[in-house]
Each structure stands twice: as structure tokens, then as C-alpha cells.
Amino acid sequence: MAHLAVAQASVSVPISNDTFPRSHGFKAYNLRIQDKPWGPLVNLKANYASSRSQWRICMSVQQATRSKVTVSPLTLEDAKDPPINTFKPKEPYTATIVSVERIVGPKAPGETCHIVIDHGGNVPYWEGQSYGVIPPGENPKKPGSPNNVRLYSIASTRYGDAFDGKTASLCVRRAVYYEAETGKEDPSKKGVCSNFLCDSKPGDKVKITGPSGKVMLLPEEDPNATHIMIATGTGVAPFRGYLRRMFMESVPTFKFNGLAWLFLGVANTDSLLYDEEFTKYLEDYPDNFRYDKALSREQKNRNGGKMYVQDKIEEYSDEIFKRLDGGAHIYFCGLKGMMPGIQETLKRVAEERGESWEEKLSQLKKNKQWHVEALVIIKRMSRCSARRAEIENGQAIMWSSVHRIIVCIVIP
């Protein structure tokens, strides 16, 4: 299908000490890494001359195989606590754009890009954390001051798409604004940071802060645990990192043998993100991975309406509830509107089981099985801008975002 041709994730492997060619085309290779076949590979678009002077090769996500990739440096496993705010807004780290790839098909509403950033190993992070990005230019509300930080969930493991601990990947949807009266795009109101990132070229510089966040960290104490991940749109970003750590990378200290269950809701087939990568895990690890998709513009729910992720959750609500009773972790990351429906479904199942959902939810939170972020939507005249808040230790830490929402709190 059309979207398969463009959904190329930037999975990179260093293979020599030559400098990057500046090529804008794709060139196929066949390569064996430590006697593991990796099939046809392609060069990064517009590769840039790396300070490490190495060739890199971009592997399309569908080429992931069951033979896991060796990662380094393994010292990234040594820390007992996650790194927090290594770089702050007043003194950000200047990183380099490695690649920017559109990862949705032509029929997807809007554009989403997979962006690989080279931080040189200087801004380490854990799966489930976020980077802050400071777009160039002045803050329109504070002339002479830089733009505010926008936070984006990291879509790669701590080793990055190059498996060397020196890159991080972001999944970014380009934010645009259309006038309600005319239906025409108004460039003056477009998302400053998302457009900056999606328009970036290899070699461009980007100021980053962080990493930040503890709520969405992947618990690894029990390698046999069940992890239920519910995402809409670019909310799948942290879950991609989880799944690569579970199924793609060879990590001596983490041998996952539990169940990872991903629910992904998007508009249509062309809007699916990292679908080939997830489908390959499903083929290679059928006992450890489940993958359910809700396509609102192509599927119908049991009542004949559009299929949203909460409808897909309802289909499996009894099983999900039983797994939660057994200690499963559940995570939510995505677009507005999904959480109330999910909560109502789980509440109804609890009542059918003769239980109180409020008490159950309280116990899940106490057991640290419930992983939720929150986003506040603020309406300004005909325009809606987003502010996401992560609920951590009872406090809301505000950050700017436009496309990742878990709990929607509407302020008139």
C-alpha cells in the first residue's frame, strides 16, 4: 500500500570510518552484521558529514528480524536512577539533525515525521522520557527572549536508532491552522516547533533540554510482566521505545519474556505509525506481543459507528481487567477524547464484576500499575492551543505540545 513505501524509520548502523556522502536518493545494499542477515538497506536521505566520520545506513522498519542487535555502550545500563534535566532551558545542549522522514502515507490527514537527533552521547535518557526542544526565534510574548521549550516523547530506546547511545528519535506531527471561515491554511498560526522540526535538514542544529519525566518509565523489575499500551497518533512514541528494547535490542540486563500489548488508534491505514516494525514483532514474537489497531475512518465498532481506540479496548475489556488483577501495567498516551470512553468502559466492567472502579483505580495507582499523563486544552477564540501537564508527585508540570494527549481537561 502507498503508506508502506514512505514509512521508513531511521534505524542506523555504523559500518565504516568514511565520511557521509551528501546524497538525496535511496541506494540499496545487502549487509551482514555479526553473521545476521539484514536484507536490503537504504542510505539516509541527505546524509550529513558526521563529526564521528562514519557511514550510516538506514534500515526500513520492516527489515527488523528476530536476531537481536548488539547495543553499546552497556554502561547506559549502570545508572540506578533515570537522568533528569541534564540540560536546562537557560543552558540547552546543541544537537544535530541526522534525518527527517515523513512516515505517513498520502491519504493521512496531516503530516507526521520521524526525526533522528545526534546528541553525541551527551544527553542520555531512558525509555518513556521526553526531550525539550527550543525552536529558533524570539518568544512573541517576550521580545528578546528565546522561544519556550516544547516537550516531545522520545521514540527510541536509550541506544537510539543507531544502537550506539548517541542519537534520539522524535515522532512529530506538523501542526497547522486552517481558518474556519475560508478553510485555508494560515501560516502565521502554524506550530512553531513542529514545523521547525519537520522542515529541518540533516546537519541543522537544534537546541534540546532534559531529559524529563518519570511517569512513563518502563518498569523492568519483572521481565515476565504484562504491559498494556494504549496510544493514538504520535502518542505511540514512547511505546516504540519500549518495544525496541523488548524485541529488537540485545540487552544483557533485560530479557523480556512477558506480554506487550499495543492498542493504536489512528484515522486510516495511511496514518499508521511504525506499522511494519510492530507487525514484524507480531510475526517473530507471537507469544509475547499483541497488536490491535483502531482505524476511525475505515472500521466500524459493534454499534456501527466509527472505530476509536476506546471501542477496541471495549472488545477486550474483560481480559484487560483480568490482566490488571494479575499485576499488568497499563499506559495511556495519545489524542484527546480517548480517556473518558476508556474509563467508562473499565468502570462498567468493574460493576459487572461486582467491584468498585474507584477503589480498583486507587489500588492500581498505589501499585504503580497505572501510567497516565495529562494534557490541558486552552481555547482562544477560534483557535485551540495545547498545553500538556505531566502529573508527578501530585503536581502538574506544564509543558507545550499540540498532538499528544492522555487526559483532556478543557478550560473555558
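The values are calculated or read from the model by the stated rules, or taken from the named source; none is laboratory data. Bear in mind that the values here come from a model prediction, so they are computed numbers and not experimental data. Ideal geometry is used to build each Cβ from the backbone, glycine not excepted, and the neighbour counts take in all protein chains shown. Note: areas computed on protein heavy atoms with side chains; ligands, DNA, RNA excluded. Shrake-Rupley method; radii C 1.70, N 1.55, O 1.52, S 1.80 Å.
Observations
- Tally of residues being touching a His at 6+ places or on another chain (Cβ under 9 Å) and exposed (fewer than 14 other Cβ atoms within 10 Å of the Cβ) across the range 96-109: 1
- Cβ-Cβ under 6 Å pairs, at least 6 apart or on other chains, the range 270-294 side without any contact (Cβ under 8 Å) to a residue 12 or more places away in the chain, far side surrounded by 18 or more Cβ atoms within 10 Å (Cβ to Cβ): Leu282/Phe289
- Residue within the range 280-287 that is surrounded by 15 or more Cβ atoms within 10 Å (Cβ to Cβ) and of a type in the set (D, E, K, R) present: yes
- Cβ-Cβ contacts under 7 Å between residues 6 or more apart (or on different chains), taken from a first residue in the range 76-104 that is closer than 25 Å to Asn195 by Cα and in a loop (DSSP other than H, G, I, E, B) to a second residue that is open to solvent by 70 Å² or more (accessible area, probe 1.4 Å) and at pLDDT 95 or above, are listed as Pro92/Lys207.
- When Gly128, Gly132, Gly160 are checked against the criterion of being of a type in the set (Gly, Ala, Ser), modelled with pLDDT of 95 or more and in contact with a helix residue (DSSP H, G or I) (Cβ under 6 Å, 6 or more places away or on another chain), a single residue qualifies: Gly128.
- Here Tyr274 clears all of (1) modelled with pLDDT under 95; (2) touching a helix residue (DSSP H, G or I) at 6+ places or on another chain (Cβ under 6 Å); (3) at positive phi except the condition numbered (1).
- Complete set of residues in the range 324-376 that are at pLDDT 85 or above, open to solvent by less than 20 Å² (accessible area, probe 1.4 Å) and touching a strand residue (DSSP E or B) at 6+ places or on another chain (Cβ under 7 Å): Leu324, Ala328, Ile330, Tyr331, Phe332, Cys333, Leu364, Gln369, His371
- Test result for Thr232, modelled with pLDDT under 95, closer than 29 Å to Thr345 by Cβ and crowded, with 17+ Cβ neighbours inside 10 Å: yes
- Candidates are the residues of the range 135-182 that are charged (D, E, K, R) and either open to solvent by less than 10 Å² (accessible area, probe 1.4 Å) or part of a strand (DSSP E or B) (or both); the one that is farthest from Cys193 (Cα to Cα) is Asp161.
- Scanning the range 183-209 for residues that are among the basic types (Lys, Arg), in contact (Cβ under 8 Å) with a residue 60 or more places away in the chain and surrounded by fewer than 19 Cβ atoms within 10 Å (Cβ to Cβ) turns up Lys189, Lys201, Lys205.
- Search result, residues across the range 301-323 that are surrounded by fewer than 16 Cβ atoms within 10 Å (Cβ to Cβ), at pLDDT 90 or above and over 25 Å from the mean Cα position of the chain (by Cα): Arg302, Asn303, Gly304, Gly305, Glu319, Lys322
- Of all residues in the range 210-229, those being outside any strand (DSSP E or B) and of a type in the set (S, T, N, Q) number 1.
- Residue count for the range 63-95, restricted to those that are open to solvent by less than 20 Å² (accessible area, probe 1.4 Å) and over 30 Å from Asp287 (Cβ atoms): 1
- Unmet requirement for Ser188, which otherwise passes all of (1) part of a helix (DSSP H, G or I); (2) closer than 30 Å to His329 by Cβ: (2)
- Residues satisfying the stated conditions in the range 67-112, i.e. at positive phi and not small (Gly, Ala, Ser): Asn85
- Looking across the range 192-221, the residues that are farther than 30 Å from Gly327 by Cα and among the aliphatic types (A, V, I, L, M) come down to Val192, Leu197, Val206, Ile208.
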